[in-house]
Structure formats: C-alpha cells, structure tokens
1. Once every Cα of the range 23-84 carries one equal point scatterer and solvent is ignored, give the base-10 log of I(q)/I(0) from the Debye formula at q = 0.13, 0.15, 0.18, 0.19 Å⁻¹, two decimals.
2. What figure in square angstrom, to the nearest 10, would you give for the accessible area of Lys145 with a 1.4 Å probe?
3. At 1.4 Å probe size, with the rest of the protein present, what percent of the exposed accessible area of the range 47-106 is carbon and sulfur atoms?
4. Out of every Cα-Cα pair in the range 1-41, what percent are more than 15 Å apart?
5. In terms of solvent-accessible area of protein heavy atoms at a 1.4 angstrom probe, what is the ranking of Lys131, Lys81, highest value first?
6. Could you tell me the convex hull volume per residue, in Å³, taken over the Cα atoms of the range 134-180?
7. Starting from the Cα of Ser151, step 7 Å along the direction of its Cβ; do the same at Gln84; then give the gap between the two resulting points in nm.
8. Keeping all protein chains in the complex and leaving out DNA, RNA and ligands, what accessible area do you get for Ser11 with a 1.4 Å probe, in Å² to the nearest 10?
Amino acid sequence: SVLRPVASVLSDFRDAVRELALSGGDKRALLGLCDKVRDVDLLNLGIILDDHGDGSALIKFGDPEKLRRERAARQAEEDAKLAQKEAAARAAEAKRQERLARGKLSPKDMFCTAEMSTQYSAWDEDGLPTKDQAGEDLPKSKLKKLSKEQSAQAKLHDEYLNYLQYSSIAARALRRVAKTELQAEIAKREGLAVKYAKWDSGKAGVSAIVPNVETRPKADN
C-alpha cells in the first residue's frame, strides 16, 4: 500500500512520544522527535513539511532522492561551519592560556631572573634594570624600552591575578552547591598553596610557601 510507509512513520512517532511521556521527558526532547519526523522520516518519503511562522506547515511533495541529496549538502555545510567555529574557539582558548602563562611572572621579577643577571648588575625598587653587566648606567633609550616591556608584563600579570581570583570564587561557589556525596572528594583537593622566592640583584632568595590561596595576592608596598 502507498500509505504503509507513512503509517509506519506515524506509528514510530506515536511510540516515541508515548515512551517520552511515560519517562517524564522534557519539551525539547519532544520537539526533537517532531524535527526528526519532518527532516528525516517524511523527507525520505518525498514529503516536505514547510513550517510557517504561525506554527502551521504547508505540505509539499518532491523526489526523495533529490531531497536526500539536498539534505546531505545542507548538513555538510552546517558541519563545516561548526568545525570552523570550534577551531576558532580552540585557537582563542590556546591564545588565552598562553597569555595566562606569560602573566604568571611578576613585572618586578621579569628582569631579575638568573638569565637577566648576565645582562644587568643593578635594579631600582620596581625591578627595572639601571646598570649593565659592566656597571655602566643604561642609556635613556634602553630604560624607556625596558619600562615599556615591564608595563606590558604588568598588564599580563594583572590578567593572571584576576584569573586566579575569579577561579577561586567559582570554585567556592561550586563547593557550596555540590552534592553531598561529592563534598568529601572536593575537600581532598583543597589546600592550594603557592611557593615563592624574592629575587635580589639577580639571585633568588629563600623559598617560602603561602598556603590556602583563596583571594587575589596583595601587591607589594
């Protein structure tokens, strides 16, 4: 019978709706079933449901094979757009993580590392080099360049500190709403600590640990 394929689609749809209703499914799942009937099941039979803005649908007919090819082409285009969007998101996240990694270093310490101590021999209170390795005063042009680099690092470091602060806030909020059975596991992961060392004249001092980091570190006076 010509109607048998359509009746089979309706029967399958009825069974799926009934199962969804009995299992307490939500509205989105029901709409998903409706979309499947329109975009897959009926389309494979050459039946087109052209949705209108008022909620009604105009029934059309077409060649099933042609309709399937058109559907495959649309799906391929959508998949390509989604892949492009996901690639852009991954690239943006990689860039953000790279900036955070660079921002870990304090601007006061960026010129006071062991590597930098081979180039400079004196620094001001802000960690900006004032003399070269030979003990000669750095020219104004060099000081201006280093100061500009330090300002850029200060911006990155501020972003990093903000990231730590908001991550801590988000973690505390998550702990408050976590299920009871997860509280013990979360407690095991608490106790974040930061190890630091103050640099002076290109040399690291004694390391110390700041335990239980919960908020943004305070800036040095």
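1. The Debye formula, applied to the Cα set alone, gives -0.45, -0.59, -0.80, -0.86.
2. 110 Å²
3. After summing per-atom areas, the C and S share lands at 57 percent.
4. 42 percent
5. Accessible-area ranking of Lys131, Lys81, largest first: Lys81, Lys131.
6. 81 Å³
7. 3.9 nm
8. Spelled out: Ser11, probe radius 1.4 Å, area about 60 Å².
The values are calculated or read from the model by the stated rules, or taken from the named source; none is laboratory data. None of these values were measured; they are calculated from a predicted model. Don't worry about glycine lacking a Cβ; one is built from the backbone with ideal geometry, like all the others, and counts go over all protein chains shown. Note: areas computed on protein heavy atoms with side chains; ligands, DNA, RNA excluded. Shrake-Rupley method; radii C 1.70, N 1.55, O 1.52, S 1.80 Å.
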